[in-house]
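Beneath this line is the structure, given in structure tokens, with notes to follow.
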Amino acid sequence: MKHFLSLEEQSSSDLEYILNLADKLKAERGNTSFKPLACQTWAMIFSKSSTRTRVSFEVGVRELGGQVIFLAANDMQLGRGEPIKDTARVLGRMVHGAIIRTYGHQDVQDFASFSKIHTVNALTDHAHPCQIVADVMTIREKLGEIKGKTVTFIGDGACNVATSWIYGAMRFGFELRIAAPKQFFPAPYLIEQAGDCLKVTEDLDEAVRGSDVLYTDVWVSMGKEEESASRLELLKGYQIDVDLMAKANDGALLMHCLPAYRGKEVTEEVLEAHAQTIFDQAENRLHAQKAIMAWLVE
Ligand code: CP
Ligand code: NVA
């Protein structure tokens, strides 16, 4: 049974296949009889807020010919303490696939193993793999092959999106730099696992020089709200503005997984100057995730 839980578990060739399929689905959108989820119902179980991920998956399942049920975790017995392994075994008898956004990564792993249906990680505290597939798709569209490029992640280098970028660098063969305060460096085991693909530094200027892509995410991820004040203080020197962008390579992209907090991780001016890229990136969630689901049911 195939799942999509973390880029770490996917092979480079499967990811390449998914990216090529995503390009094809984007080009053929609205003009295709490709319905690999026909006669299937997929469940989406979300414990955290979402705009992009929810809409892109709901639209994506329907465009692939399937039906979709959205379940807010708090409205389920899960919210009253029913174990994930029981929820998984019930849903596994009723639906064909599950898309889960939650806190603990172990929960999506347990769901996958107990449900025995295709399971997709739509964001955990540990990883956000669907985001990075859409991001790499966007970079390929705008700059060509990602191999050999330099992507610099700026801000909370220990967050789920940064972690998925690290696994992405290991699979796609580009250089990833992470510029963050020491408190927000990736976990040591990840730095060790990534080896030469990853450079981690506190020095923003050094990280940005020679970069093809600057990437950022919120400073306060979902679930970290209690740390807001200290995070904003520690990360305030890592804002992306027009001057920082100018230190990257000519034609460098600014990317953001969104939602964006203007005046925090990014300025209004630089975000609006790169809105075309950032909203193409958001759109590509739809195409990339359709490709992931089509690949899962093959
Ligand atoms: N980037 C992203 O996952 O957005 P949402 O939280 O709106 O789904
Ligand atoms: N790191 C962010 C990503 C939001 C899409 C969070 O987990 O809230």
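Give me the strands (runs of 3 or more DSSP E) completely within region 175-259, filtered to those with at least 3 residues that are of a type in the set (Phe, Trp, Tyr), ordered by residue number.
In region 175-259, no matching strands (runs of 3 or more DSSP E) lie anywhere.
Among residues belonging to region 275-298 that are of a type in the set (Gly, Ala, Ser) and open to solvent by 10 Å² or more (accessible area, probe 1.4 Å), point out the one that is nearest to CYS130 (Cα to Cα).
My answer is ALA282.
Given (1) in contact with a strand residue (DSSP E or B) (Cβ under 8 Å, 6 or more places away or on another chain); (2) farther than 24 Å from TYR103 by Cα, where does TYR215 come up short, assuming only one miss?
Just one mismatch for TYR215, condition (2).
Only one residue in SER6, SER12, SER49 is in contact (Cβ under 8 Å) with a residue 40 or more places away in the chain, open to solvent by less than 30 Å² (accessible area, probe 1.4 Å) and among the small types (Gly, Ala, Ser). Which one?
So the residue among SER6, SER12, SER49 that is in contact (Cβ under 8 Å) with a residue 40 or more places away in the chain, open to solvent by less than 30 Å² (accessible area, probe 1.4 Å) and among the small types (Gly, Ala, Ser) is SER6.
With the checklist (1) within 15 Å of ligand 2 (Cβ to nearest atom); (2) open to solvent by 50 Å² or more (accessible area, probe 1.4 Å); (3) in contact with a Lys or Arg (Cβ under 8 Å, 6 or more places away or on another chain); (4) free of Cβ contacts under 8 Å to residues at least 40 places away in the same chain in hand, flag the one item ILE178 doesn't pass.
(2)
Being open to solvent by 10 Å² or more (accessible area, probe 1.4 Å) and part of a helix (DSSP H, G or I) is the filter here, so list the residues in region 126-145 that pass it.
Passing the criteria: ARG140, GLU141, LYS142, LEU143.
Residue check, LEU123 against (1) at positive phi; (2) outside any loop (DSSP other than H, G, I, E, B), all met but one. Which one?
Failed condition: (2).
The values are calculated or read from the model by the stated rules, or taken from the named source; none is laboratory data. The structure presented is a predicted model; accordingly, all values stated were derived computationally and were not measured. Using ideal geometry, Cβ is built from the backbone for each residue, glycine included, and neighbour counts are taken over all protein chains shown. With ligands, DNA and RNA removed, areas are computed over all heavy atoms of the protein, side chains included. Shrake-Rupley method; radii C 1.70, N 1.55, O 1.52, S 1.80 Å.
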